[in-house]
Amino acid sequence: MTKLTINGQEVTLELDPDTPLLWALRDELRLTGTKFGCGVAQCGACTVMLDGAPRRACVTPIGSIGGSEVTTIEGMAGAEFDAIQTAWRAIDVPQCGWCQSGQIMQATGLLQMVPAPSDEQIDQAMAGNICRCATYHRIRAAIHDAAKTLEG
């Protein structure tokens with residue numbers, strides 16, 4: 001039995017402690033905004049916030065994070081997230097959309113830590129999030145746009 005706080009609600013999971021967080025979210029809790037990509041933490045499609053920092057859910061056993069606070073794309077809120085969402089729509093970032101929840105989670109985490117990132121900081125922070133449609137130039141533009149919005 002593992003107790004977590006997911007999107008602000010306490011949850012008790014009766015799963016094997018080795019169960020990846022991704023499958024607990026998708027299969028047990030029906031939070032399907034977190035996507036399965038590669039299964040080995042290389043693509044970032046499964047990115048969630050774990051205690052406020054981006055983390056790959058596909059390789060995070062639930063038994064290793066008991067007592068932690070998990071936020072999925074369904075539970076995100078706040079100025080950085082709002083600015084990222086607005087910029088994503090304004091710049092029309094997604095193509096197929098599969099990687100986008102992970103991209104948005106990672107970008108939000110970046111803006112929470114670095115309010116006005118440089119191109120190099122964006123590229124470094126987003127390097128672990130792969131987009132098979134190669135929308136990287138629009139992702140970078142959206143992050144800059146969101147940062148400008150947050151500056152006021």
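The values are calculated or read from the model by the stated rules, or taken from the named source; none is laboratory data. Everything quoted here is computed from the prediction, not taken from an experiment. Here the Cβ is made from the backbone with ideal geometry for all residues, glycine too, and neighbour counts use every protein chain on show. Please note that ligands, DNA and RNA were not included when accessible areas were found on the heavy atoms of the full protein model with its side chains. Shrake-Rupley method; radii C 1.70, N 1.55, O 1.52, S 1.80 Å.
Numerical summary
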read-out	value
Criterion violated by residue 34 - all others in (1) open to solvent by less than 30 Å² (accessible area, probe 1.4 Å); (2) more than 29 Å from residue 152 (Cβ to Cβ); (3) not in a loop (DSSP other than H, G, I, E, B) satisfied	(3)
Helices (runs of 4 or more DSSP H) within the stretch 42-152 that include 3 or more residues open to solvent by 40 Å² or more (accessible area, probe 1.4 Å) and of a type in the set (Lys, Arg)	136-151
Candidates 99, 133 - the one that is within 30 Å of residue 2 (Cβ to Cβ) and out of contact with any strand residue (DSSP E or B) (no Cβ under 7 Å at 6 or more places or on another chain)	99
Positions within the stretch 1-22 being closer than 22 Å to residue 132 by Cβ and open to solvent by 10 Å² or more (accessible area, probe 1.4 Å), in sequence order	20
